[in-house]
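Everything below concerns the one structure shown next.
The values are calculated or read from the model by the stated rules, or taken from the named source; none is laboratory data. Quick caveat, the model's predicted, so the values are computed rather than measured. Glycine gets a Cβ as well: all are built from the backbone with ideal geometry, and neighbour counts include every protein chain shown.
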Amino acid sequence: MKGILKKIAQINFGLMSPEDIRKMSVTKIVTPDTYDEDGYPIEAGLMDPRLGVIDPGLKCRSCGSKGGDCQGHFGHINIARPVIHVGFADTIHKILRSTCKECARVLLTDAEIIDYKDRIGNMVKNEESITNIIKEIYTVARRDKCPHCETEQEDIKIDKPVSIVEGNYKLTASEVRERLEKIPEEDHILLGVNSKVAKPEWMVLTVLPVPPVTVRPSITLETGERSEDDLTHKLVDILRINQRLKENMEAGAPQLIVEDLWELLQYHVTTYFDNEASGVPPARHRSGRPLKTLAQRLKGKEGRFRSNLSGKRVNFSARTVISPDPNISINEVGVPEMIAKEVTVPIYVTPWNIEEMKKFINNGPKVHPGANYVERPDGRKVRVYPETKDAIIEKLEPGFRVERHLIDGDIVLFNRQPSLHRMSMMAHEVRVLPHKTFRLNLCVCPPYNADFDGDEMNMHIFQTEESRAEAKSLMRVQEHILSPRFGGPIIGGIHDHISGAYLLTRESSVFEEDEVFQILMRAKIPLPKPKGESWSGKEIFSLLLPEDMNMVYRAEICRRCDECLKQECKNDAYVVIEDGNLKSGVIDDRAFGSFAGKILDSVVKEYGTDKAREFLDSATKLAISGIMKKGFTTSTDDEEIPQEAKERIEELLSKAEERVEILIEAYTNEELEALPGRSLEETLEMKIMQVLGEARDKSGELAEKYFDINKNHAVVMALTGARGSMLNLTQIAACVGQQSVRGGRIERGYSERTLPHFKKGELGAKARGFVHSSYKTGLDPLEFFFHAMGGREGLVDTAIRTAQSGYMQRRLVNALQDLSVRPDGTVRDNRGVIIQTMYGEDKVDPAKSDYGKVVDIDRVIDEIRIKSGK
Amino acid sequence: MPDIKSVMKVLKKKKADFPESLIEEIADAHERHNLDDKELNELIDRIKKAYERATVEDGEAVGTVAAQSVGEPGTQMTMRTFHYAGVAELNVTLGLPRLIEIVDARKKISTPTMAIYFDDEYFDARFEKEEIESEAERERFKEEFVRKTANMIGKSSMNDILKNFNLNYADMNIAVEIDEDKIIDKRLDRDDIIKRIEKAFKRVQIDNNMLSFEPPAPSKKEDDTKIPIRELRLLADKVRDLQISGVKNIGKVVISKEGLEWVIHTEGSNLGSVLKMEGIDKVRTTTNDIHEIEKILGIEAARNAIIREAQNTMEEQGLTVDVRHIMLVADMMTADGSVKSIGRHGISGEKASVLARASFEETGKHLLRASIRGEIDHLTGIIENIIIGQPIPLGTGSVGVIMKRR
């Protein structure tokens, strides 16, 4: 057993004093060379062995522990003349500007000092940020005359990145340091320096810590050549210049040379800290690539924080291509055997499972339900080999831990990027299956936003009992059928599930009893008693419905007639379920589709998630069996309309084009009347767009008349909401319509015209991207070009949108992630600041609500009345 | 309201603590369905059970869920600006850009607009006072009033009331004729216009509707390089563009009738000035500029404005997002009494934890500042605990177990 882990209570930040740096250091570094001719590290060089070891075989000279255990030790470089730390240059400038050049006091009157100290004290006590008040002091304390000693102050400017200029005189770093030293300690806090952990003069460096070799490991290439880390390169530069500066100073070289060398040293130290500081040319590698120095290591998406601390690489994970499997439950995931043998679940051996564990070990790492490792109670891990397995089985006893292969029923975490919402990571039960892809039920495609055109997904295996328990009760797929975004189902039937259910339940569907039993067997639904006569599809579907279910709604195929005929609807769109029997109406997207399923929604809310999973599994299987019984296909025949219709559409379109010409003529004759608040040109555009839009819709309607849902499978898909829309079909059959760029007709291209085929200033339908043809007849070259323009805009739009909305979401999550509901019902952040006194003003969890409401009161009343005898 | 009382009585008896909105809903259903006591009892029993099931669990990470629920539909939104439903004449930023604008709490939004409603009580008072009886006449009065107000709000320039505009290069002046009909049509005040003209231009002669402008006299100095003809043309532009009426910051206005009611939509926004005008419904008149609402009506109004704007944006795109998520975003933005943006200049930049700030944006700045300030990170947030590898203090991680020693 591992010992009890210590909890980190807080992290204190502070500056290091030169003494601290020297105390921490194990050696002074002086020589810029790293290795001697024999390839051994030079003492007092940058690779000094006392700085730590990387080689696993060697022992550290400083701490004695082996490579890998030794975290490394710092060294130090004494800098010949002080240099300014780039990160603090701005702060130094502001502090100097706010202090007197003579007496070094803050340029505040005594009264102000007392007032500010009071305010800062309070803020520190309340743990608020003092940044704003310090900013205020920096502006107030910018006085021409010191209130304490009456000295006239000169203006101090900063010349990026690190030069500080007073009047016309450039202060040297040593002078800056002297001034900072003189500032009395009681004034420190007013300048934003916490005197407990930092002194202003420490911002000017006199000694530089040298990070251990573990921080900047060198890589040995295959050629045997050594390649040093960027930081080592930079440190070599610093050492070299430092050495030269020291020698020159000792030799009493002219001021000018010393100045130059100092500048160079300052440059190297600056780029050592931040190689992207403004005003400094970045230091480059021999190859011309800018060096990655300290600030770059931390910053940005690939920096330490975001890629190693906020997100970490993990073991016990797998990734592969996904493919569909309609036969497994929505709760399950098919895992290839290959993966199941690689990633393992740790199991503690107990008297009750020891025999089972022995079997796993006996299978070894290569046979499927086997084991890869055994960990003894003392923490030693042994790999299971065919040769050693017998010895391991012999020694196995309670308290050991066996890392066995994944088996059916294990709980794993399944994830597809981008993980935009919590349904992007759900817990599934494992089904070990042959072949090499992850298999998932089609109903879980919408929450993951997955399809099978090559998508890959990740799987993570829980390693503790607690995590498995938590995942099983909170993260399982069936617990996420309802989306917290709107309180409706996000998991549900798609595509063929919908068309299948429609084919099965439509009025004309009647099955012989033997057929019914075939369908049911295939869908693995418990068989009902034979009734000796033919069944309607609605009766078959009713087998899945809970017995006491009552509901009425309009199906997706509802045409929204002016007057609803209810049960007598000729489209059979009025769904009535009485006591678990589908009396009328067809089953389609509104029944159990994702984002829309009414029946599914009601099953989850009334009967719980277990029932909902069962319902969804069997409903989709039934739909698939149904579609296989009926047969379902589509071809270009489905978009064929009779010649007569084509002629009428042609007529309609040419009439519209004529009307456009009339509008243009009215415009050129200045007869067109402008709409309020619009120019003539805008008015014309709007009117033309309207006419052409109408023409497309009308031609669509015309074509629609020839589409019969009973004969045409493409229409079945469009109307039931399975896939595609009527617009798609009419675009194929009748007319594609106006192409748009930037929300209007196409205007760009050549001067005053879209293409050289048109006259300058031509405004007609065709000249501005109206596609008169249908996809089926084919587009002419001009139409094709305009269509491509519109298409390209769509692609560009999507690319930009994903970037923008991704950033927005990152900001939103970052801003809100610390909020939680507290036991008193308030919503607070991690500081305890109240954001809401009652969550959502009514304490209702949208994920558990009925489309945002506690319950549908009208329905409850109906139910009460039905129960009490109508 | 008698039915609220009876509902409350039952609730008290059942010891059910329902939020106000739910009680109102029950009372409403009570009235609509005409429930008897037994039915009401049963109803409340059932709702109580449903409410208990639907309440949030303690420790629930509502913030993250809200952020995901608002952010995730972003990928499905459009980028373009479209016409406002109903008012085709105005372009309003919609979709993702508008949502980003809202959470950014931009000071200058790209398309500020107002919806101005009228106060029926004010009209009634006026009708009484001026003894307007017939319905038709009242309607006419209303329309007249609305048009007049619209012209007071909307920007008009000289260009809108000109009949003739002549640049006379020979005499070096501009002859302008004002169209009296247009003034009347726009319901402007002629004297006021003249006053404004006189104020704006020194060298102007006014003879009834004929105006004559002259460019400023060339100065006597030698080094005057002004070209007279150019001066004249510049003056012409100035005359045309002279604003003769309107509220500051408001450009075009569009009058429309929504149902039985007159509404003015504007391009540009100035809530403060419009609310001071006569006959305006001060309750419903609104703007889409959140900062303006905050300035004029206060932080709670700004919070509601954020919720309304964000929800309208979502709904317009056909996306459903529960209000509670949007409410939480709005409450977070307004929690400390001023509208703060979501991002590095607002909420994320003011977090207490150094590590949380450093891991979001501007890593170096935050770490360096923390070191001289001697900041202490108490590690109470999410990212901090992830960074140091501890369980996060939310959900399951927010509770501990205490064992009783025997």
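Here residue A:216 passes the criteria (1) in contact (Cβ under 8 Å) with a residue 60 or more places away in the chain; (2) buried (at least 20 other Cβ atoms within 10 Å of the Cβ); (3) of a type outside the set (Gly, Ala, Ser); (4) not in a helix (DSSP H, G or I) except the one numbered (1). Only a single criterion out of (1) surrounded by fewer than 17 Cβ atoms within 10 Å (Cβ to Cβ); (2) over 27 Å from residue B:368 (Cα atoms); (3) touching a helix residue (DSSP H, G or I) at 6+ places or on another chain (Cβ under 8 Å) is not satisfied by residue A:123, namely (2). Could you check, for the range A:800-821, whether at least one of its residues is loosely packed, with under 15 Cβ neighbours inside 10 Å and within 7 Å of another protein chain (Cβ to nearest Cβ)? Yes - at least one qualifying residue is present in the range A:800-821. Looking at residue A:328, is it among the β-branched types (Val, Ile, Thr), assigned to a loop (DSSP other than H, G, I, E, B) and more than 14 Å from chain B (Cβ to nearest Cβ)? Yes. Restricting attention to the range B:336-380, the residues that are under 15 Å from residue A:812 (Cβ atoms), at the interface with another protein chain (Cβ under 7 Å from one of its Cβ atoms), outside any helix (DSSP H, G or I) and free of Cβ contacts under 8 Å to residues at least 60 places away in the same chain add up to 1. Taking (1) without any contact (Cβ under 8 Å) to a residue 24 or more places away in the chain; (2) over 19 Å from residue B:342 (Cβ atoms) in turn, residue A:834 satisfies each apart from (2).
Screening B:236, B:302 for residues that are assigned to a helix (DSSP H, G or I) and touching a His at 6+ places or on another chain (Cβ under 9 Å) leaves exactly one candidate, B:302.
Listed conditions (1) assigned to a helix (DSSP H, G or I); (2) free of Cβ contacts under 8 Å to residues at least 24 places away in the same chain; (3) surrounded by 10 or more Cβ atoms within 10 Å (Cβ to Cβ) are all met by residue A:256, apart from (3).
On the given criteria, is residue A:634 farther than 30 Å from residue A:856 by Cβ, polar (S, T, N, Q) and surrounded by 15 or more Cβ atoms within 10 Å (Cβ to Cβ)? Judged against the criteria, residue A:634 is a match.
The numbered conditions (1) surrounded by fewer than 17 Cβ atoms within 10 Å (Cβ to Cβ); (2) in a helix (DSSP H, G or I) are all true for residue A:436 except (2). Restricting attention to the range A:48-59, the residues that are assigned to a loop (DSSP other than H, G, I, E, B) and crowded, with 21+ Cβ neighbours inside 10 Å add up to 3. Among the residues here, residue A:124 does not qualify as closer than 24 Å to residue A:260 by Cβ and β-branched (Val, Ile, Thr).
The residue that is farthest from residue A:133 (Cα to Cα), among those in the range B:381-392 that are within 7 Å of another protein chain (Cβ to nearest Cβ) and not in a helix (DSSP H, G or I), is B:390. Is at least one residue of the range A:689-697 under 43 Å from the mean Cα position of the chain (by Cα), within 14 Å of another protein chain (Cβ to nearest Cβ) and not small (Gly, Ala, Ser)? Checking the range A:689-697: at least one residue is under 43 Å from the mean Cα position of the chain (by Cα), within 14 Å of another protein chain (Cβ to nearest Cβ) and not small (Gly, Ala, Ser). The residues of the range A:73-112 that are assigned to a loop (DSSP other than H, G, I, E, B) and either of a type in the set (Lys, Arg) or within 13 Å of chain B (Cβ to nearest Cβ) (or both), listed by number, are A:85, A:101, A:105. Applying the criterion of being at the interface with another protein chain (Cβ under 7 Å from one of its Cβ atoms) and not in a helix (DSSP H, G or I) to the residues of the range B:36-56, the residue that is surrounded by the fewest Cβ atoms within 10 Å (Cβ to Cβ) is B:55. Pairs linking a residue in the range A:516-543 that is assigned to a loop (DSSP other than H, G, I, E, B) to a residue that is crowded, with 21+ Cβ neighbours inside 10 Å and not polar (S, T, N, Q), with Cβ atoms under 8 Å and 6 or more positions apart or on different chains, are A:523/A:621; A:523/A:622; A:523/A:624; A:524/A:621; A:525/A:544; A:525/A:621; A:525/A:622. Candidates are the residues of the range A:1-21 that are loosely packed, with under 14 Cβ neighbours inside 10 Å and among the charged types (D, E, K, R); the one that is nearest to the chain's Cα centre (by Cα) is A:7.
Among the residues in the range B:104-112, are any farther than 22 Å from residue B:280 by Cβ, at pLDDT 85 or above, within 12 Å of chain A (Cβ to nearest Cβ) and surrounded by 13 or more Cβ atoms within 10 Å (Cβ to Cβ)? There is at least one residue in the range B:104-112 that is farther than 22 Å from residue B:280 by Cβ, at pLDDT 85 or above, within 12 Å of chain A (Cβ to nearest Cβ) and surrounded by 13 or more Cβ atoms within 10 Å (Cβ to Cβ).
Residues of the range B:58-100 that are at pLDDT 85 or above and either part of a loop (DSSP other than H, G, I, E, B) or out of contact with any helix residue (DSSP H, G or I) (no Cβ under 9 Å at 6 or more places or on another chain) (or both): B:58, B:59, B:60, B:61.
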